[in-house]
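If you scroll down you'll find the structure; I have some questions about it.
Every number in this text was worked out from the coordinates using simple rules, so none of it is lab data. If you're wondering where the values come from, they're calculated on a predicted model, not measured in any experiment. Neighbour counts are summed over all protein chains in view; Cβ atoms, including those assigned to glycine, are modelled from backbone coordinates with ideal geometry.
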Amino acid sequence: MGQKLFRYSMASVVAVIVSNVFLLIFVGVLDMGEVLASTLATTIAAVPSYEMNRKWAWGKTGKSHVMKEVVPFWGLALLGWGFSTLAVWWMGRYAKHHDFSHGAKTVAVLIVYFAAFGLLWVAKFMIFNSLMFVHHHHDRDHEHRDDAPAAA
């Protein structure tokens, strides 16, 4: 359990870095709207997050199970996107209403985006560990059969 939590944490660090770098580029450099920027940053970061969590943190191999892994993962990503996008939209409006400079607005949006995903972090670990990336006995048996040498 400790190794899974550590690896999940490291996958989360990668996802946070990827999403925040893209959010910084989209909002700070390209001056893109907060909703579109959050949508793109979340979508981009979800790809390495899924792969790292499934393969590295939970040690799953083989093809992903669409209904047990892919759909729930993207459902959680959608939940995270909705929550974070609402938060950055609100912060963008707040910053505009309070005449934040472009730099201050960018920093505020990044902080709120990070905090929104932080709130969902523990719940996602529990869902990944107990529902999505669970090793079932039939999965292990199938993996062992695939690894067995062919009979002559």
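What nm distance separates the two modelled labels at Met10 and His97, each placed 7 Å from Cα along Cα→Cβ?
4.3
Under a 5 Å amide H to amide H cut-off, with H placed in plane at 1.01 Å, what residues pair with Gly33 once short-range neighbours are removed?
When sequence neighbours closer than 5 places are left aside, there are no close amide H contacts.
Oh, and also: Find, to one decimal place in angstroms, the Kirkwood hydrodynamic radius of the chain, where the mean of 1/r is taken over every pair of different Cα atoms and then inverted.
Result for the chain stands at 16.8 Å.
Right, something else. Cα-based count: Lys pairs in the chain below 28 Å, eight or more positions apart or different chains?
Value for the chain: 13.
Okay, moving on. Starting from the Cα-Cα distance between Val47 and Leu30, subtract it from 0.36 nm times their residue separation and give me the gain in nm to one decimal.
3.9 nm
Between Met126 and Thr61, what is the FRET efficiency for a Förster distance of 30 Å, r being their Cβ-Cβ separation, to the nearest 0.05?
After rounding to 0.05, the efficiency reads 0.85.
Taking 0.36 nm per residue of sequence separation and subtracting the Cα-Cα distance, how much length would be gained by fully extending the chain between Val70 and Val134, in nm to one decimal?
This chain segment gains 21.7 nm when fully extended.
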